[in-house]
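Asker: Before we start, here is the structure in question, set down as structure tokens.
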Amino acid sequence: MQRRQSADRLLHQSDRGSQYASKNYQKLLKENKITCSMSRKGNCWDNAVIESFFATLKTELIYHENSLQERMRN
């Protein structure tokens with residue numbers, strides 16, 4: 001965060017994991033003027049869109065598998 005010149009308003013979206021809810025992590029976010037947004041307790045759908053995005057990212061970039069749309073074009 002120190003090397004990066006970021007926008008004035010940043011938002012960190014996370015689940016309610018203990019690492020994100022810890023006092024030290026919350027302090028780090030506050031010191032860097034980052035707003036913390038956590039999913040609601042017991043609601044798995046809050047994070048569904050971002051989880052889907054990262055699943056696709058991993059599939060295509062890490063596992064080097066093409067998307068369904070790309071396979072259909074070939």
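The values are calculated or read from the model by the stated rules, or taken from the named source; none is laboratory data. In this text, all values refer to a predicted model and were calculated from it rather than measured experimentally. Cβ atoms come from the backbone with ideal geometry, glycine included; neighbour counts cover every protein chain shown.
Asker: Please work out which residue is modelled with the highest pLDDT, limiting yourself to the stretch 7-55 and to residues that are surrounded by 13 or more Cβ atoms within 10 Å (Cβ to Cβ) and among the hydroxyl-bearing types (Ser, Thr, Tyr).
Answerer: Looking at residues that are surrounded by 13 or more Cβ atoms within 10 Å (Cβ to Cβ) and among the hydroxyl-bearing types (Ser, Thr, Tyr), I get 25.
Asker: Can you find even one residue in the stretch 57-67 that is at pLDDT 80 or above and exposed (fewer than 13 other Cβ atoms within 10 Å of the Cβ)?
Answerer: Yes, that holds for at least one residue.
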